[in-house]
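Heads up, the thing below is written out as C-alpha cells.
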Amino acid sequence: LDNERLEPQGVYRGLLANITQRLADAAPRAKLLWVTTTPVPRGIGGYCNKTTGQGGCPPRRAADPPLYNAAAAEAVASVPAAPRVATLDLYRTVTDTCGVSYDRCPEGCTGQKVNGTWVGDCYQIPLNVHFFPAAWQQLGGAYVDAIGALLS
C-alpha cells in the first residue's frame, strides 16, 4: 500500500469527520485539537520505490497539503462537535519559515545523514517531509502553546 492515496474530498473527508465525532462522543468533556499537515517540498512526488529510494514513500505531492487541510477543515466543521475542536495550523508555521513552494528550507541549506542522524543547517530535511531538531522544537512549541490555550 505504499502507493495508495486517499482523495481528499472523498474517503479522506468522510473518515476524518467520522473519527472526529467518534472522539467527541467517547469523551464528551474533552477539548479536541486538530492539526494541519505540514508542507511537502518540491521534488519528492511520485510513486514510492523502496528499492531505489526514489519518489515519496508513501506518495506525497507538494500540492497536496492545502487540499487535504481544506478537506479536513470541512470535515471537522461538518460534525456536531465542531465547536469543541480547536485548530493548530502547523502548515502556516512551516510556510512562515520556508515559504509555500520550496525544495530546501532555507534555500541553499545543506543536510546529510551521518551515522543514521541528520546533520546540517536546514529547517526541513532536504527532499523529505521531516524536520531537523530546531524545527521540531518550534513545532513542538506550537503544540504546547495550543494545548495551553485549550486548557486555560
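Structure data summary
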{"item": "Pair Q9, V100: separation of 7 Å Cα→Cβ label points (nm)", "result": "1.9 nm"}
{"item": "Accessible surface of the chain [probe 1.4 Å, protein heavy atoms]: carbon and sulfur percent", "result": "56 percent"}
{"item": "Neighbour net charge for C122 - beta-carbon separation under 13 angstrom, K R +1, D E -1", "result": "-1"}
{"item": "Per-selection Kirkwood Rh - the chain (Cα, Å, 1 d.p.)", "result": "17.0 Å"}
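The values are calculated or read from the model by the stated rules, or taken from the named source; none is laboratory data. In this text the structure is predicted, and so the values were computed from the model without any measurement. For neighbour counting, all protein chains shown are included, and Cβ atoms are generated from backbone atoms with ideal geometry for every residue, glycine included. Heavy atoms of the whole protein, side chains included, go into the accessibility calculation; ligands, DNA and RNA do not. Shrake-Rupley method; radii C 1.70, N 1.55, O 1.52, S 1.80 Å.
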